[in-house]
1. What is the percent of Cα-Cα separations in the chain that go past 34 Å?
2. If you take the square roots of the eigenvalues of the alpha-carbon gyration tensor of region 107-197 and sort them as a ≥ b ≥ c, do you get rounded (a/c under 1.5), prolate (a/b over b/c) or oblate?
3. Quick one: angle between helix 106-117 and the longest Cα principal axis of the chain, in degrees between 0 and 90, rounded to 10, please.
4. Assign one of three labels to region 20-109, namely rounded, prolate or oblate, based on the Cα gyration tensor with a ≥ b ≥ c the square roots of its eigenvalues; rounded applies when a/c is under 1.5, prolate when it is not and a/b is larger than b/c, and oblate otherwise.
5. Using only Cα atoms, find the angle between the long axis of helix 262-280 and the longest principal axis of the chain, and express it within 0 to 90 degrees, rounded to the nearest 10.
6. Could you work out [θ]222 nm for the chain from helices alone, using -39500 (n - 2.57) per DSSP H run of at least four and dividing by all its residues? Round to the nearest 500 deg cm²/dmol.
7. Fewest first, what order do Ser232, Ser218, Ser164 take by the number of other Cβ atoms within 10 Å?
8. Output the 0 to 90 degree angle, nearest 10, between the alpha-carbon long axis of helix 222-234 and the longest principal axis computed from the alpha carbons of the chain.
Amino acid sequence: MSKNKQVPKGYKKLLFTLTKLLVSIALILFVFSKIDTQSTFRILNSISLTNLILGFLLVLFSKIIASFRLLAYFKVIQIPIEARTNLQLYFLGMFYNLFLPGGIGGDAYKAYVLKKYNPNSSNKRTITVLILDRISGLFALFSIGIFVLASLKTTILNINSTWSILLLAIGLLCYKLIINKGFAYTKTIFWSTILYSLFVQGLQVIAILCILKGLNISTGMHPYVLVFLCSSIVSIIPLTIGGIGSRELTFVYGAQWFNLSEEKSLGTSMLFFILNALVSLIGIYYYFNSIEFKKDLSGLNSDKRSPDP
């Protein structure tokens, strides 16, 4: 056999997916070995249906707003996609991300579809704005996290309101400089995308508060919220499938760090994942009923070309 013979691309994807699956399973098993499993499931069963429904609606609204943030990025690179079609594409991307990780990721699927139905668009810029969309969300997580951390007044990281404002100002300045220097074509939507991101993450924080309230945690919520924000950042790292395992591990170690109930922390993580999964399942409708969706996408093929950077 030739030494230069390469592994087929399909096998590489399969191997990468299997690796992520194994990492997810290993992390989940490790997490459950550290906590009282029966107590955790009793906690999950104790939450009221009202809190779950409210949490679901908040997560759903956050995803709808996130789709408008992405739409702003698409518009600025002259992809003529309508808000309804973009929302359908967003839900399909969520479905691919969580339930079909072996074939193609959500962002990769969006880039593929937009290039297929709008061949005149710049693939490089499409991928770039998809990444910037993620970065905008991360900046919102950082911003909210700084103020939540200040409210804790821990001896480990004693950050007061003044330091919070200073850190936020420095982070905002660095973020804006990066956009202006490297991605100037998106600077016109800089503030609007930040506002979208703050609404997205804010709604998800409120969803977590609903879950905590449903678990009879009415005081000392700030540490749980901070751990949730950290877990949201960790779950983006593509080491597991849909952040499964890494998110739960963050919650358990965060509980130890802030002396919280590990079972309630894990229960919070699992419930939020369930709500997110239920919202992602909306994409299954467009997956199996794509005729109207593809008809709308066909209108993207215009003579307008998105200029290369």
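A short reminder: the numbers here are calculations on the coordinates, not readings from a lab. It should be emphasised that the depicted structure is a prediction, and the values quoted were computed from it without experimental measurement. Here the Cβ positions follow ideal geometry from the backbone for every residue, glycine too, while neighbour counts run over all protein chains shown.
1. 28
2. It is prolate, given that a/c is not under 1.5 and a/b is the larger ratio.
3. 20
4. oblate
5. Here the helix axis deviates by roughly 30 degrees.
6. It lands at -25000 deg cm²/dmol.
7. Ser218, Ser164, Ser232
8. The angle comes out near 30 degrees.
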